[in-house]
Amino acid sequence: MALRQTEAGDAYTMEPISAALAGIALVQKSVEFIKSNINTAKDIGEIAGAIDSLFAGEKQVQEARNKKSGSGLGDQFGVDTVAKEIIDAKLAQEKLQEVATMVDMRFGHGTWAGILAERQKRIQEQREAQAKARRKAQQDHDAMMENIKIIAAVFAVISMAVFLILFLMFNTAMAMSLML
């Protein structure tokens with residue numbers, strides 16, 4: 001099953017078990033890349049893509065652990081499935097801690113904390129931007145609905161006026177023909 005990245009750029013969707021497998025594989029590949037390149041990296045930007053992949057893989061493992069829709073009860077609660085999910089989540093956390101230590105040792109104490117803080121800040125900004133976009137879309141929808149209501153009311157008033165004018169003209173014409 002192929003990974004599919006959303007517009008947000010950070011969420012992947014797959015079936016829970018295959019997501020966990022892909023997630024832990026992504027974590028392991030990212031850690032391997034970081035380990036092999038950390039000592040030659042001149043700045044954090046050279047390994048930033050691998051760090052992003054590490055976060056994405058860890059997120060997949062956590063999502064697979066938390067999401068079980070589409071699986072049968074036996075699959076969800078089987079001892080091997082539960083154990084694998086827990087072990088994969090622990091391994092992912094262990095690898096994250098390993099990378100944190102490597103980054104801090106190579107680029108100075110607090111670098112990893114700075115990365116995490118900046119990541120959280122950007123995630124929060126993205127959520128706020130999405131919420132703002134949803135509110136704007138809702139306001140635009142509400143304004144459009146209000147305009148449709150106004151147009152419908154104006155059309156109804158004009159239709160009534162035309163009907164009344166035609167009715168009066170018809171009655172006047174009938175009255176005139178009766179008088180003649």
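Nothing in this text is a laboratory measurement; each read-out follows from the coordinates by a stated rule. Computed from a prediction, not measured in an experiment: that's the story for all the values here. Note that we place each Cβ from the backbone using ideal geometry, even for glycine, and neighbour counts take in every protein chain shown.
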*³J(HN,Hα) across the range 160-167 via Karplus (A = 6.51, B = -1.76, C = 1.60, θ = phi - 60°), whole Hz, x for Gly/Pro?*
5, 5, 4, 4, 5, 5, 5, 4
*Mind giving me the nanometre distance, one decimal, between the label points for residue 146 and residue 66, set 7 Å out from Cα along Cα→Cβ?*
3.7 nm
